[in-house]
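**Q** One structure is given below, represented as structure tokens, and several questions about it will come after.
The values are calculated or read from the model by the stated rules, or taken from the named source; none is laboratory data. Keep in mind it's a predicted model, so treat the numbers as computed, not measured. With ideal geometry, Cβ positions are generated from the backbone for all residues, glycine too; neighbour counts draw on all protein chains shown. Heavy atoms of the whole protein, side chains included, go into the accessibility calculation; ligands, DNA and RNA do not. Shrake-Rupley method; radii C 1.70, N 1.55, O 1.52, S 1.80 Å.
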Amino acid sequence: LRARFDIPDPFRLFAAMRQEGHPIQIIPLILAALLIPPAVHASCPTYAAWLDASNEIHPVYCAGVPCNNLKGFATVALSPDGTYLEVTLQVQATPDSAAIPLFLPPAIYGPYDATQEAAAGVAPLATLSVPSLSLDQSLWSSSSRIKPADLPKLMDALRNGLAYVNVPTDRVPTGELRGQLQVVTCLEAELNSATACAASNLHPYAFANVLLSADEKLSATLVQLPRDPSRSIPTPVSVEVTSTTSVRLATLQTQQYSSCVSGSFSGLKADGVTPCSVDEKHTYPAEINYDSSMNKVYHVLYNSAGPFLNSTVVISVDILVWSV
């Protein structure tokens, strides 16, 4: 058997994001209509928390120095029938981490504002799944449904900005990561093909969310694609979030990658030549979600990434199509 593979023809999925709950000017960028109704959907959660050691009220020290090698992210949404909560929790170790702790059960506490914390022995409003990290799996995520014992009390705390997520570890049992749950601005879009793909018999589509904190300094991007053989959706080669002023807001990793240097995805040390050793190389999953994925993985930014609001945000997914 012999096959000839020509030069790949790229096409792009992209769309202007629409902002839920807030007026925003939309520039029409969807160029191709879908021929089949979408089978996947990336819905917007109502609340989110960016988890960091600096948010804790108590001191957070590891071996006598401030702990700073863990980050986290959480979302909470009330189910359509109002009987349970849909929760995602994501924790990752930074690439330069020399040690990864054992985790204790995370929890949601309230009613406390960002300057307060629950006293020792106070029962949480909800308990979450326990993270598990290692060098080979330095990002952990979980998507679950929970039924708190007192859901009305928890919802009241959420609506008033008085609930926080706390992640304890064996090195800081009182909590190493914390984040106040807040109502987020959610930019939501359906992505369609920007070019005709009739020759390749493809009609690709995807969904995306960009969650923004109230001060626009924190963001989290979720991209979800279908893995449907009848649609022949290949693996993306690049995913970027940009503004219409050509400001790059985020670049997602489409493949599993290794790193020992923050901000690097090549598996090389800071010199850009020497490979990270086995004992220092951290491995992270791709930041792309499929409809068959059990747990969501967000691309999370913990500082200002650009002008999200008052401009149109564009997300693009480049996919290579091979003709035979």
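**Q** Quick one: in region 45-63, of everything that is in a loop (DSSP other than H, G, I, E, B) and under 15 Å from the mean Cα position of the chain (by Cα), which residue is surrounded by the fewest Cβ atoms within 10 Å (Cβ to Cβ)?
**A** THR46
**Q** Return the residues of region 98-121 that are in a loop (DSSP other than H, G, I, E, B), of a type in the set (Gly, Ala, Ser) and modelled with pLDDT of 95 or more; say none if nothing qualifies. Give the derivation first.
**A** To start, the set of residues in region 98-121 that are in a loop (DSSP other than H, G, I, E, B) comprises 98-102, 104-106, 110-121.
The next check asks that each one be of a type in the set (Gly, Ala, Ser); those that pass are 98-99, 110, 114, 118-121.
Once the filter is applied, which keeps residues that are in a loop (DSSP other than H, G, I, E, B), of a type in the set (Gly, Ala, Ser) and modelled with pLDDT of 95 or more, region 98-121 yields GLY110, ALA114, ALA118, ALA119.
**Q** Quick check on region 228-241: of everything there that is assigned to a loop (DSSP other than H, G, I, E, B) and at pLDDT 70 or above, which residue is surrounded by the most Cβ atoms within 10 Å (Cβ to Cβ)?
**A** Only one residue tops the list, namely PRO236.
**Q** Which residue pairs have Cβ atoms closer than 8 Å, lie 6 or more positions apart in sequence or on different chains, and pair a first residue in region 166-189 that is among the small types (Gly, Ala, Ser) with a second residue that is assigned to a loop (DSSP other than H, G, I, E, B)?
**A** Listed by first residue and then by second, the contacts come to GLY175/GLU56; GLY175/HIS58; GLY175/VAL60; GLY175/GLU117; GLY175/PRO168; ALA189/MET17.
**Q** Another question, if that's okay. Answer with yes or no whether THR244 is surrounded by 14 or more Cβ atoms within 10 Å (Cβ to Cβ), modelled with pLDDT of 70 or more and hydroxyl-bearing (Ser, Thr, Tyr).
**A** Taking the combined requirement at face value, the residue does not satisfy it.
**Q** Here's a check for you: in region 92-113, which residue that is in contact with a strand residue (DSSP E or B) (Cβ under 8 Å, 6 or more places away or on another chain) and open to solvent by 60 Å² or more (accessible area, probe 1.4 Å) is farthest from LEU181 (Cα to Cα)?
**A** Per the stated criteria, the residue is LEU102.
**Q** Looking at (1) buried (at least 19 other Cβ atoms within 10 Å of the Cβ); (2) under 14 Å from VAL76 (Cβ atoms), can you tell me which one VAL172 breaks?
**A** Every listed condition holds for VAL172 apart from (2).
**Q** Can I ask one more? Starting from residues that are without any contact (Cβ under 8 Å) to a residue 60 or more places away in the chain and assigned to a loop (DSSP other than H, G, I, E, B), keep the ones in region 64-81 and report whichever is least open to solvent (accessible area, probe 1.4 Å).
**A** Quick first cut of region 64-81, residues without any contact (Cβ under 8 Å) to a residue 60 or more places away in the chain only: 64-66, 68-69, 77, 80-81.
Going one step further and asking which of them are assigned to a loop (DSSP other than H, G, I, E, B), we end up with 64, 68-69, 80-81.
Details: GLY64: 65, ASN68: 122, ASN69: 20, PRO80: 132, ASP81: 100 Å².
Looking at residues that are without any contact (Cβ under 8 Å) to a residue 60 or more places away in the chain and assigned to a loop (DSSP other than H, G, I, E, B), I get ASN69.
**Q** Only one of LYS269, LYS281 is farther than 27 Å from SER129 by Cβ, at pLDDT 80 or above and of a type in the set (Lys, Arg). Can you tell me which?
**A** LYS269
**Q** Please pick out the residue among PRO148, PRO95, PRO124 that is touching a Cys at 6+ places or on another chain (Cβ under 8 Å), part of a loop (DSSP other than H, G, I, E, B) and over 17 Å from ALA48 (Cβ atoms).
**A** Going through PRO148, PRO95, PRO124 in turn, just one is touching a Cys at 6+ places or on another chain (Cβ under 8 Å), part of a loop (DSSP other than H, G, I, E, B) and over 17 Å from ALA48 (Cβ atoms): PRO95.
**Q** Failed condition for ILE315, given (1) modelled with pLDDT under 90; (2) open to solvent by less than 20 Å² (accessible area, probe 1.4 Å); (3) in a loop (DSSP other than H, G, I, E, B), with all others met?
**A** (3)
**Q** Of everything in region 116-138, what is within 26 Å of the chain's Cα centre (by Cα) and polar (S, T, N, Q)? Give them in sequence order.
**A** Once the filter is applied, which keeps residues that are within 26 Å of the chain's Cα centre (by Cα) and polar (S, T, N, Q), region 116-138 yields THR127, SER129, SER132, SER134, GLN137, SER138.
**Q** Still on this structure, please answer the following. Please go through region 254-298 and pick out each residue that is open to solvent by 70 Å² or more (accessible area, probe 1.4 Å) and more than 24 Å from VAL210 (Cβ to Cβ).
**A** Result: SER266, LYS269, ALA270, ASP271, VAL273, PRO275, VAL278, ASP279, LYS281.
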